[in-house]
Amino acid sequence: MSDPNCIFCKIIAGEIPCWKIYEDDHVLAYLDIGPLSEGHCLIIPKKHYVTIDQMPTDEAAACMAVVPKLSKAVIAATGAAGWNVLQNNHQVAGQAVDHVHIHIIPRNDGDGLGFRWPAGELDAETAKSLQSKIAEQLG
Ligand code: AMP
Ligand code: ZN
């Protein structure tokens, strides 16, 4: 449940330092070393999973359970106006570290981070097909 080549596993093992802000039996949270904004931090499971779909439900739930209280603390501490919760899976989606992590990224007016959301339009035929294919996968 640990990968000797994984930088986040090394943080969990105490082999690499971090600016820890929260810890429990299943989860560690610390400040991102390359912050996009003041207070940018990461929540990680203590066990090594590359992407979120690999996680057992209870492990994922333990990580998500930290999101509300840590968001509240980070936003109170930084005075940010809002925040994004981000979780990248695979390189194509921007994942650079292959150990599941949830970003909390404080946001402020004029922070220059931007947000690209080029919305398309969902037609009924596509929706119906996707709905049944996903339902089939869920079983
Ligand atoms: P992602 O692109 O979603 O994989 O994000 C990886 C994040 O991990 C980046 O925001 C990095 O700045 C951050 N990061 C990488 N190494 C460390 C480290 N040693 N301590 C804290 N954050 C790190
Ligand atoms: Zn790892």
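The lone criterion from (1) in a helix (DSSP H, G or I); (2) of a type outside the set (Phe, Trp, Tyr); (3) without any contact (Cβ under 8 Å) to a residue 24 or more places away in the chain left unmet by Ile33 is number (1). Within the stretch 71-90, the residues that satisfy the criterion of being in contact with a Pro (Cβ under 8 Å, 6 or more places away or on another chain), assigned to a helix (DSSP H, G or I) and surrounded by fewer than 18 Cβ atoms within 10 Å (Cβ to Cβ) are Ile75, Thr78.
Residue-by-condition table, conditions (1) within 11 Å of ligand 1 (Cβ to nearest atom); (2) touching a Ser or Thr at 6+ places or on another chain (Cβ under 6 Å); (3) closer than 24 Å to Asp111 by Cα:
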| position | (1), (2), (3) |
| --- | --- |
| Ile7 | yes, no, no |
| Ile12 | no, no, no |
| Tyr22 | no, no, no |
| Val27 | no, no, no |
| Tyr30 | yes, no, yes |
| His40 | yes, no, yes |
| Lys46 | no, no, no |
| Tyr49 | no, no, no |
| Gln54 | no, no, no |
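Across the stretch 37-70, what is the number of residues that are among the basic types (Lys, Arg) and loosely packed, with under 15 Cβ neighbours inside 10 Å?
So the answer is 1.
Yes or no: Asp98 part of a loop (DSSP other than H, G, I, E, B) and open to solvent by less than 60 Å² (accessible area, probe 1.4 Å)? Against the criterion (part of a loop (DSSP other than H, G, I, E, B) and open to solvent by less than 60 Å² (accessible area, probe 1.4 Å)), Asp98 does not qualify. Of the residues Val97, Val74, Val67, the single one that is touching a residue at least 24 places away in the same chain (Cβ under 8 Å) and within 15 Å of ligand 2 (Cβ to nearest atom) is Val97.
The values are calculated or read from the model by the stated rules, or taken from the named source; none is laboratory data. Being a predicted model, the structure only gives us computed values, none of them experimental. For neighbour counting, all protein chains shown are included, and Cβ atoms are generated from backbone atoms with ideal geometry for every residue, glycine included. Protein only, heavy atoms only, side chains kept; ligands, DNA and RNA dropped before computing areas. Shrake-Rupley method; radii C 1.70, N 1.55, O 1.52, S 1.80 Å.
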